[in-house]
Amino acid sequence: MVSTSVAVAAVVLLSSALLMLGDRVDLPPLETLKQQWATSSGYDLADLSAPVLYGQPLLALAYVARLPVLGRILCNQLAKDNKIVEARKFAASIPDLPLYYPYLEPKQSDFRQGDGPLSLEDFSKKATKSKSADAFKHWSIADYTSRYTSGEVTPVQVAKALLAAVEKNQQSDYPLNLFVEKHDEEILAQAKASAERYARGKPLGVLDGVPVAIKDEVHIKGHRMFTGTSFLGYEEEPATEDDPPVARLRAAGAIILGTTNMHEIGSGVTGYNMHYGTVRNPYNPKCYTGGSSSGSAAAVASGLVPLALGLDGGGSIRVPSSMCGVVGIKPTFQRIPPPAADCPSVAHVGPIAGTVRDAAIGYAIMSGGDEASFPRGMTQPPVDLHSFEDTSSLKGVRIGYFSDYTNHSSPEIAEAVTKTLKALKARGAELVETPLHHLTSIHVAHSITITSEFAQNLDKYYERFGEMSPEVQLILTFGRSFTAMDFLAAQRVRAFALRQFQENVLSKVDAFVTPSTGITAPEIPAEALAVGELNAAQLGNIFRFSVYGNLIGVPGVAVPIGYDSRGLPMSIQFQTAHWQEDTMLRLAHTTEKLYAKTQKKPQIYFSILDDAVKQSSD
């Protein structure tokens with residue numbers, strides 16, 4: 001808790017600005033609003049601008065935000081700075097009714113399954129099994145299982161090599177800080193059971209013996225779930241059963257390692273965590289991983305696991321996957337049943353993997369409805385990966401892009417995305433300029449929705465907000481300040497956003513392309529290590545291309561497309577219609593092949609299979 005004297009000093013410093021604040025502005029007349037929107041067109045997203053705060057000033061601001069009167073004044077200013085009124089203004093001028101859950105019942109045309117039922121075992125075996133001498137390649141799921149089957153190595157040896165790698169890294173100058181909770185004896189017991197199944201020639205499934213990491217936002221039997229906080233895991237007993245996605249991974253034979261570190265409560269996109277240490281980027285440990293599924297993405301990028309689970313409420317799978325140079329899938333809303341998420345109307349469970357194929361395997365295994373959590377989701381199309389291998393020709397595939405949107409990223413990223421689009425066109429794809437309008441109001445609607453849901457979900461812990469990082473305190477306090485009008489306006493804008501995407505994008509193209517992030521991984525400021533940072537401009541640059549998809553529930557995938565001048569990964573995002581992951585993954589696989597010979601090994605990398613083989617020969 002910040003001292004009273006520091007808080008008073010902060011109030012004095014802010015007083016001139018605070019005295020200028022008042023209540024929310026009233027809306028102009030409807031005809032004025034209609035005229036404003038009728039004459040507005042094109043790209044309207046602007047860079048966010050605000051002072052960057054660290055340390056004591058940030059602590060003081062968080063303290064002030066929770067004071068009864070000054071906190072309300074400060075939240076009004078935050079609402080003004082974040083253009084919250086734009087959602088109300090726009091909502092007042094559109095005919096759309098509020099839409100809370102972006103769940104679309106599948107159409108008959110969505111129920112297609114290629115040439116027959118999917119065999120994940122056959123699908124996995126099509127992976128390239130040998131590493132090229134002139135390019136880096138992550139060990140795949142098939143690399144693990146084929147070596148288990150041949151007897152070259154056992155799951156127990158892999159588990160021991162993995163645990164040794166984590167321990168050694170945590171003692172280094174730049175620990176990755178990957179895990180919140182893992183039980184070594186339990187991991188070894190799972191590995192032993194897997195080894196016995198292989199010895200009998202009866203593996204459980206395509207993941208038997210494969211180590212998989214789980215974000216600290218999903219229940220694992222016998223583990224506590226902290227959601228990146230210092231205390232939430234102690235508010236209940238350890239889980240008595242797995243959440244459905246974990247249960248499905250375990251049923252396929254996966255060795256569940258434990259819970260991975262994350263940006264506290266999933267409320268940020270850098271991966272900062274003051275309680276368990278900030279997760280560091282394997283490509284440059286002085287840089288952020290992106291978040292909030294930071295530990296899961298770094299575990300894959302560093303070679304510790306070939307597959308991990310993440311949750312995505314505003315880019316939290318795709319952002320860290322992008323910044324760590326791996327693949328992240330955010331499936332259709334409710335395609336994979338989420339846990340009781342902090343942000344239920346925007347949260348998507350999905351896989352993070354070293355290759356598109358492995359990500360597709362994780363997606364396929366975890367997919368399917370869950371009667372207990374969302375009965376409507378029980379009727380959904382089967383997973384279809386039959387077009388996955390069709391990468392040589394993209395004839396007939398229409399790809400939408402919005403030049404102004406793409407160019408609102410770093411020059412290197414914009415150039416890489418443009419280069420990738422040209423390469424896809426060379427394979428037969430048709431490129432279609434596809435503008436999106438009113439992006440500012442849509443982004444504001446997402447901000448209102450996700451922060452309101454965070455705040456409501458954690459409302460019973462209000463007295464413990466001070467135990468969280470100051471950035472999270474500010475977000476939760478801001479979320480508590482929204483009115484019913486703000487929230488309903490956001491849901492009307494959500495309905496418009498979905499309608500616009502269907503009418504202006506999906507009626508013309510099969511997939512829509514953007515960068516995954518507007519910048520590559522930022523360096524972690526030394527001043528931010530203690531209590532974090534508040535950096536609005538950086539936040540906007542990171543999640544600029546991700547929140548639209550969360551608001552309307554469409555699937556998206558982040559795929560690496562090379563490196564910037566600092567050697568940090570860049571990434572492209574493909575989004576498609578609800579239930580059309582097959583098209584998205586086909587394009588992702590094609591893109592992956594374009595860059596197969598340019599992949600670079602991260603600075604921090606564990607070749608677990610090699611280490612396990614060495615261990616077996618010692």
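Read the figures in this text as sums done on the coordinates, not as results from a lab. Model, not experiment: these values are computed from the prediction. All Cβ positions, even for glycine, are placed from backbone atoms using ideal geometry, and neighbour counts span all protein chains on display.
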Notebook entry, point to check: For the stretch 573-618, max minus min Cα coordinate along each principal axis, in Å, sorted largest first?
Noted result: 52, 24, 16
Next item on the list: Evaluate the distance, in nm, between pseudo-label points positioned 7 Å from the Cα of Ser392 and of Lys221 along their respective Cα→Cβ axes.
Entry: 4.6
Notebook entry, point to check: For the chain, what proportion of DSSP beta bridges, expressed in % and rounded to the nearest 5, is antiparallel?
Noted result: 65
Item checked: Between helix 581-594 and the chain: long-axis angle, C-alpha atoms, 0 to 90°, nearest 10 -> 70
Next item on the list: Pick out, in residue order, every one of the chymotrypsin sites (Phe, Trp or Tyr not before Pro) in the stretch 182-274 that is DSSP loop and has at most 16 other C-beta atoms within 10 Å; say none if there are none.
Entry: Phe231
Item checked: Cα-based Lys proximity count in the stretch 459-618, under 30 Å, for pairs eight or more positions apart or on separate chains -> 5
Check: P(r) tail for the stretch 466-559, what percent of Cα pairs lie past 15 Å?
Finding: 74
Notebook entry, point to check: So what's the back-of-envelope 222 nm ellipticity for the chain, counting only DSSP H runs of four-plus at -39500 (n - 2.57) apiece and dividing by all residues, rounded to 500?
Noted result: -12000 deg cm²/dmol
Item checked: Distant-in-sequence amide H partners of Asp216 (H built 1.01 Å from N, under 5 Å) -> Thr260
Item checked: Under-5 Å amide H pairs with Gly400, H placed in peptide plane, nonlocal only -> Val432, Asp510, Ala511, Phe512, Val513
Next item on the list: Please find the FRET efficiency linking Ser119 to Glu196, where r is the Cβ-Cβ separation and R0 is fixed at 30 Å, and quote it to the nearest 0.05.
Entry: 0.75
Check: Want the number for Ser507 to Tyr43: 0.36 nm per residue separation, take away the alpha-carbon distance, what's left?
Finding: 165.0 nm
Check: When Lys and Arg each count +1 and Asp and Glu each count -1, what net charge do the other residues less than 12 Å away from Leu104, Cβ to Cβ, add up to?
Finding: +2
Checklist line | Under 14 Å from the Cα of Lys215 - aspartates and glutamates, other chains or at least 8 residues apart | finding: Glu181, Asp242, Asp243, Glu264, Asp312, Asp342
Next item on the list: Could you tell me whether the stretch 332-450 comes out rounded, prolate or oblate from its Cα gyration tensor? Rule is a ≥ b ≥ c as square roots of the eigenvalues, rounded for a/c under 1.5, then prolate if a/b exceeds b/c, otherwise oblate.
Entry: oblate
Next item on the list: Be a star and scan the stretch 530-549 for residues whose amide nitrogen sits under 12 Å from the point 7 Å along the Cα-to-Cβ vector of Ala50.
Entry: 533-540
Next item on the list: Under 11 Å from the Cβ of Lys286, count the other residues' Cβ atoms, weight Lys and Arg +1, Asp and Glu -1, and hand me the total.
Entry: 0
Item checked: Loop GluC sites (Glu not before Pro), the stretch 379-480, which have at most 14 other Cβ atoms in a 10 Å radius of their Cβ (DSSP) -> Glu389
Next item on the list: Along each of the three principal axes of the Cα atoms of the stretch 143-293, give the extent in whole Å, ordering the values from largest to smallest.
Entry: 46, 35, 23
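What does the net charge come to around Arg566 if you take all other residues with beta carbon closer than 11 Å to its beta carbon, with K and R at +1 and D and E at -1?
Overall, the nearby charge balance is -2.
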Next item on the list: Treat the count of other C-beta atoms within 10 Å as a stand-in for reagent exposure and order Asp610, Asp384 from fewest to most.
Entry: Asp610, Asp384
Notebook entry, point to check: Residues with amide H under 5 Å of Ile561's amide H, sequence separation 5 or more or different chain, H placed in the peptide plane at 1.01 Å from N; which?
Noted result: Met570, Ser571, Ile572
Next item on the list: Fewest Cβ neighbours within 10 Å first, please rank Phe111, Phe136 accordingly.
Entry: Phe111, Phe136
Checklist line | Karplus-derived 3J(HN,Hα), 6.51/-1.76/1.60, for each residue of the stretch 408-420, Hz, glycine and proline x | finding: 8, 9, 4, x, 5, 5, 4, 5, 5, 5, 4, 4, 5
Note to self: I'd like the Karplus ³J(HN,Hα) series for the stretch 552-569: coefficients 6.51, -1.76, 1.60, θ = phi - 60°, whole numbers in Hz, and an x wherever there's a Gly or Pro.
What the structure shows: 10, x, 7, x, x, 9, 9, 10, x, 9, x, 9, 7, 5, 8, x, 9, x
Notebook entry, point to check: Put +1 on the Cβ of every Lys and Arg and -1 on every Asp and Glu Cβ in the chain; which of Gly55, Ala423, Pro155 then has its Cα farthest towards the positive end of the dipole?
Noted result: Ala423
Checklist line | Proxy reagent accessibility, fewest Cβ within 10 Å first, across Thr379, Thr227, Thr149 | finding: Thr379, Thr149, Thr227
Item checked: Most to least packed among 475-486, 45-56, 326-337 [average Cβ atoms within 10 Å] -> 326-337, 475-486, 45-56
Next item on the list: Please give every one of the lysines within straight-line cross-link reach of Lys80, meaning a C-alpha to C-alpha distance under 17 Å, and leave out same-chain neighbours fewer than 8 residues apart.
Entry: Lys89
